[in-house]
Every structure is written in C-alpha cells, then in structure tokens.
Amino acid sequence: MSKRTDRLREENNQREQQLQDQENQAVLTDMVVYIRSANISPYEQELVRRDIGSMLLEGERRGERAQDIIGEDYRAFCDRVIGEIPKVRGGKYILSLVRDVLLAADVLVVIWLAFQFMEQVIHRSWSLSFAVTDGNLVCGVLCLAGACLLFYAISKNAFRTGGAQGKQGDFGLWILVFLLLVACMGANIILKHTLVEVHLLVVLAGIALIFGLYKLLDAKLD
C-alpha cells in the first residue's frame with residue numbers, strides 16, 4: 001500500500017484500541033470487513049474506516065451505543081457511504097485484481113515450496129530441484145478461485161446474525177472449503193505428470209519477483 005494508506009491504517013488501528021464497549025468494537029469490525037470488498041481504493045476504505053471509528057468513539061464518550069449513532073441497519077449505512085465514493089474502474093480496476101492475485105499466488109508458491117521440503121524430509125530424499133506437476137497447477141488455480149470466493153462471501157455476509165440463515169451460510173462456507181480441499185488433494189494425487197523441474201534458486205527468485213510486482217502495484221494504485 002502507499003505510505004499515506006499505511007499511515008492512515010496505523011492511525012485507525014490506534015483509534016480502534018480506544019473503544020471500550022465490546023458491542024461497538026464488534027460493529028466496527030463487521031463494518032470494516034464489509035467495506036473491504038467494496039470497489040473503492042484501499043485509501044478510501046481507510047478513510048471510511050476512520051470516519052466510522054471516530055463516530056463510534058465520540059458516541060461512546062457520550063454514552064451512546066452503535067445503534068444510536070449509526071442506526072440499526074449497518075449494511076445500509078455502509079452502502080450509503082460507499083455509494084458516495086468514486087468506484088475503481090477500467091485499467092485501474094484490472095490492475096487492482098492483478099495485484100490481489102499476485103499476493104495470493106506468492107503465498108501459494110511459498111506454501112508449495114514448504115510442502116516440497118516436507119516431502120523430502122518424509123522420504124529422506126534431498127534435492128534442490130522440484131517438480132511442478134499439472135496437479136500443482138490445478139490445485140493452485142482452485143485455491144486462488146476459492147480464496148476469492150471465500151473472501152467475497154465472508155465480506156458480503158459480515159452483518160449476518162446467528163439465526164438459521166446465518167448458520168446455513170456458515171455451513172455453506174465450510175462445505176466449500178471442504179470441497180476445495182478434496183479437489184486439491186485429488187488433483188495432486190491423480191495428476192502426477194511433471195511439467196517442469198525448477199531449482200530452488202529459481203523458486204526463490206520467482207517469489208521475490210512476484211512480491212516485488214505486488215508491492216509496486218500496491219504502492220501505485222491508491
């Protein structure tokens with residue numbers, strides 16, 4: 001993220017620590033989670049977070065609850081605020097998607113490398129070269145798609161109550177996670193064809209390159 005976004009996020013973190021009422025803390029957390037999936041820049045997200053946090057903090061000092069300050073429909077309040085902010089569109093929107101995919105892909109490569117080392121430890125077979133199979137690629141694509149779906153689902157349902165509808169939604173998320181895990185395990189077990197072998201140094205360089213591209217895009221987009 002840009003320096004201004006980083007500074008604002010740090011200020012928001014410090015402000016939220018001043019909230020004493022647990023209900024206000026929970027409401028603010030839900031609102032922030034919901035805002036994260038909004039099609040606005042990270043800096044604008046932090047501005048909204050700052051304004052809401054300040055409102056709750058000032059209200060708390062007056063002895064007011066979140067419902068007294070914002071109203072009972074937190075989602076509608078967030079939608080009204082977000083609706084007043086210019087959306088990220090066109091090339092900037094595409095680049096923001098690329099940025100998020102780069103970070104997720106980098107994490108996946110690190111996890112894949114860790115599993116490669118674990119497999120070598122289990123089989124007591126040491127090598128600095130690692131085979132990339134078609135199963136690995138399928139699993140990677142499934143993980144990226146699943147992570148995006150989970151993030152969107154969790155964010156959009158941040159204000160779910162604990163009723164039957166909320167429980168059904170939670171159950172659906174767990175089913176999705178389970179199916180993704182099964183699909184990934186199946187892909188890695190069944191699809192064993194080696195596409196390429198890469199040296200450890202190449203993998204490390206790739207991780208550094210992907211992360212560098214992510215940081216570059218993240219700093220420029222807001």
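Summary of computed values
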read-out: Hey, Leu95 touching a Leu at 6+ places or on another chain (Cβ under 7 Å) and in contact (Cβ under 8 Å) with a residue 60 or more places away in the chain or not; value: yes
read-out: Subset of the range 39-60 (residues that are among the small types (Gly, Ala, Ser) and either under 19 Å from the mean Cα position of the chain (by Cα) or not in a helix (DSSP H, G or I) (or both)); value: Ser41
read-out: In the range 79-97, residue modelled with the highest pLDDT [restricted to those that are surrounded by 12 or more Cβ atoms within 10 Å (Cβ to Cβ) and more than 15 Å from Ser37 (Cα to Cα)]; value: Leu95
read-out: Options Gln20, Gln14, Gln67, Gln25: the member that is assigned to a loop (DSSP other than H, G, I, E, B) and farther than 20 Å from Tyr152 by Cα; value: Gln20
read-out: Which listed residue is loosely packed, with under 13 Cβ neighbours inside 10 Å, at pLDDT below 90 and within 30 Å of Leu8 (Cα to Cα), from Lys167, Lys156, Lys220; value: Lys220
read-out: Unique match (being under 30 Å from Gly212 (Cβ atoms), surrounded by 12 or more Cβ atoms within 10 Å (Cβ to Cβ) and either more than 14 Å from the chain's Cα centre (by Cα) or in contact (Cβ under 8 Å) with a residue 12 or more places away in the chain (or both)) among Leu173, Leu108, Leu128; value: Leu108
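The values are calculated or read from the model by the stated rules, or taken from the named source; none is laboratory data. As the structure is a computational prediction, the values presented were derived from the model and not from experiment. So basically every Cβ, Gly included, is an ideal-geometry build from the backbone, and we count neighbours across all protein chains shown.
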